[in-house]
Amino acid sequence: MKLYETLATDIAESIRNGVLKPGDRLPSIRHCSQSRRISASTVFQAYYQLEAQGLIRARDRSGYFVALGQTEILPEPEPSPSPMGEAISLDVSEHVFEVLESSLMRSVVPFGSAFPSPLLFPLARLGQVFASSVQKLDPWSSVDDMTPGSARLRRQIALRYLTDGLQVHTNDIVITNGALEALNLCLGAVTRPGDSVIVESPTFYAALQTLERLGLHAIEVATHPREGVELDAMENAIKRHRPQACWLMTNFQNPLGSLMPNAKKQALVELLTRYDIPLIEDDVFGELYFGANRPIPAKAFDTAGIVMHCSSFSKCLAPGYRIGWTAPGRYARKVGHLKLMTSLASSAPAQEAIGTYLEKGGYDKHLRRLRQTLSSQQSHFVRAIGEYFPAGSRATRPDGGYLLWVEMPPQVNAMEVHRYALSEGISTAPGPIFSAKQEFRNCLRLNYGHSWDARSEKALATLGRIVAALSN
Ligand SMILES: Cc1ncc(COP(=O)(O)O)c(C=O)c1O
């Protein structure tokens, strides 16, 4: 990270965690440059960046201040009460498909989409690497890169684990068709139809759909909007239901955006190790952090091989290439066999291209830019929600990713909001699709992963008007 980026990240973090409050004056350029031992122009660069992100404002001759717009930020939602429910068999797919289809239309403002804008990725550069690496591709790669996958790519992934402080051997990584296949294979490897699986409440709808497809029951466990799944509630659920697996997102959970603190991740892994329950860890957003460092996965605390870590390049580098992976600990052999039995292998040219791109360098530079863009878009988005949504609304402000969760006044029905908004050309993801029992009826997941412009401002104003009308 460049010096100005480090300074901008530190200040943004202080604003986000409340150390710097709206209206607070930032240290003068001279003071900051002296105390940090960096040049005044570096401090200027950092302040310009924060200004462009809408986090600070310059006032004539008085210096820089934390933006007052931040005062309109809504409070965060309260943790949901523990469902403490039964193990539920699922029937969510139709609902989800209906909502998904509406968010995939290009003409619609994609607040309901699960994907960031494809324009945020170095697709031209990747295309060049793809073309040249495919030209040089060894004809035998279609055989050599068969599951567990390209050795070149697996080595690059193992190196990234190493940078994050995790020892994962190249041979323990299985390349998949996106993270979704990795998650499906892992779940299939450790369960049989009729088994129960712990998921967060709310959870990513694809987790519910996978459980539905495999004939599994969901045990939903209360999840804190900032710190992730509640461990006491989880232990109670384990004692009651004896689940065979647990599927969680520890970093920037979809849909809440929660980030589990390290101590909690460690306690989670210890708890599951004690009961010998495999943890399927969905970490697709781990690289999209806004703080100083990548949040480590729960897998970092795994000593027994129970954590099946899953991720992909779909959200941070190469959407559409469908390259993901899993490091499934002691289940690696079984997952590899399942992959061979379901889709045999992942695309050899796509694996080669991504492996070569990672080898050439430039990924971290791209990620830094991507994180800054997403963090800046979040600031605009959160400010606008505060401005346009009616009193009684709440919203999460995740420290990474591109999804946030809005809780509307209790009388507002999210399915109705979804339908009205769609008729105005705006997609949303209503709360009930994130729950086996179709709860969270007054909640919405919104996507801030698309460029902030007049169209998004207008769409959020319209959405706020719809919510306000339905709350009266
Ligand atoms: C939380 C989460 N996990 C997994 C996936 C699937 O990732 P991939 O596109 O790599 O299959 C998504 C995609 O939207 C997601 O949001």
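Working from label points 7 Å from Cα in the Cα-to-Cβ sense, the Arg106 to Leu367 distance is 3.1 nm.
For the stretch 121-360, the number of Lys pairs separated by eight or more positions or lying on different chains, with C-alpha atoms closer than 30 Å, is 22.
In nm, what is the difference between 0.36 nm times the number of residues separating Arg240 and Arg25 and their Cα-Cα distance?
Details: separation 215, 0.36 × 215 = 77.40 nm, distance 5.28 nm.
Extra length from Arg240 to Arg25 when fully extended: 72.1 nm.
Taking every DSSP helix (H) stretch of at least 4 residues in the chain, weighting each as -39,500 (n - 2.57) and dividing the sum by the residue count yields a mean residue ellipticity at 222 nm of -13500 deg cm²/dmol. Of the beta bridges in the chain, as assigned by DSSP with both residues counted there, near 60 percent are antiparallel. The tail of the calculated P(r) for the stretch 1-70, taken as Cα-Cα distances beyond 19 Å, holds 23 percent of the pairs. Listed by chain and number, the lysines whose C-alpha is less than 20 Å from the C-alpha of Lys437, apart from same-chain residues fewer than 8 away, amount to an empty set.
Residue by residue, the stretch 299-313 carries 3J(HN,Hα) couplings of 4, 4, 9, 8, 10, 9, x, 8, 8, 9, 7, 10, 7, 6, 9 Hz when phi is fed to the Karplus relation 6.51 cos²θ - 1.76 cosθ + 1.60 (θ = phi - 60°); x denotes Gly or Pro. Close amide H contacts of Leu216 (hydrogens built in the peptide plane, cut-off under 5 Å, sequence separation of 5 or more or a different chain): Gly194.
Any read-out appearing in this document is the output of simple, stated calculations on the displayed coordinates, not a laboratory observation. All figures in this text were calculated on a predicted structure; none of them were measured in a lab. Backbone-built Cβ (ideal geometry, glycine too); neighbour counts: all protein chains shown.
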